[in-house]
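The values are calculated or read from the model by the stated rules, or taken from the named source; none is laboratory data. Being a predicted model, the structure only gives us computed values, none of them experimental. Neighbour counts run over all protein chains shown; Cβ positions are idealised from the backbone, glycine included. Surface areas here come from the heavy atoms of the whole protein model, side chains and all, with no ligands, DNA or RNA. Shrake-Rupley method; radii C 1.70, N 1.55, O 1.52, S 1.80 Å.
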Amino acid sequence: MAYDEDEQQARFQQWWQENWKALAAGLVIGIGGIFGWNAWQSHQEQQAEVASTLFSEMSAAVDAGQLQKATELHQGLIDAHGGSPYAVAASMRLAAARASGGEFEAAAALLRWSKEHADDSALSQLAQLRLARVLWAQGDAEAALELLDQELGPYTSAAAELRGDILVAQDKRAEARSAYAQALASAPREARELLQQKLDDLADAAEAQDA
């Protein structure tokens, strides 16, 4: 037994001499990886906090009607944190303010950027829906309809309603009724009354025309 124990100890010592450097290196790498990962996470959290602060400041400037300041803060957010969700949210927030002021070209540019850079598909689709509204306000109904014919996920009902509104303006009432009916089929409860009213108005107009 003693001989076996001595032999095992000798073999272990030999194995240790041959492998201790690799084991030590692996341990160092492992510990370094843990600290590196923690440092990276900490850095990401700090960057997110900075982006969040810039977004809040920009939103406050928009609310105060200080669009020049809001634009500067927005640009700073894009330059430093263009890959963050805050950059997309800020672009959409500023686009809404530009559209409200009749600056449709600027609003459209912001919404196109948001649509292209949003990581979340629903957020990208919301930007697409808003872009369609802006294009229609600019007088480009065909471009708006082209966007509305694409997949819009959770905004399918709102897109169908907007399509109906555009078709009514083009005096395409039969197509508008179809669009409103599609919108009504998947609309949330709070939107159904208005959609039904739009359908009823089209029916009344059709009856008056036939009379």
- So how far apart, in nm, are the two label points at residue 56 and residue 142 if each is 7 Å from Cα heading toward Cβ? 4.8 nm
- Query: Measuring from centroid to centroid over Cα atoms, what is the spacing of the range 145-211 and the range 68-136 in Å?
  - Reply: 26 Å
- Per residue of the range 140-148, in order, report the coupling 6.51 cos²θ - 1.76 cosθ + 1.60 (Karplus, θ = phi - 60°) as ³J(HN,Hα) in whole Hz, putting x for Gly and Pro. 9, 5, 5, 5, 5, 5, 4, 5, 6
- Solvent-accessible area per residue, Å², over the range 139-211 with all protein chains present [probe radius 1.4 Å]: 59 Å²
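Per the 1.4 Å probe, what fraction of the accessible area of the range 73-141, in percent, lies on carbon and sulfur atoms? Write out the running numbers ahead of the final one.
Details: 1570 of 3100 Å².
Taking all protein chains in place, the range 73-141 shows 51 percent carbon and sulfur surface.
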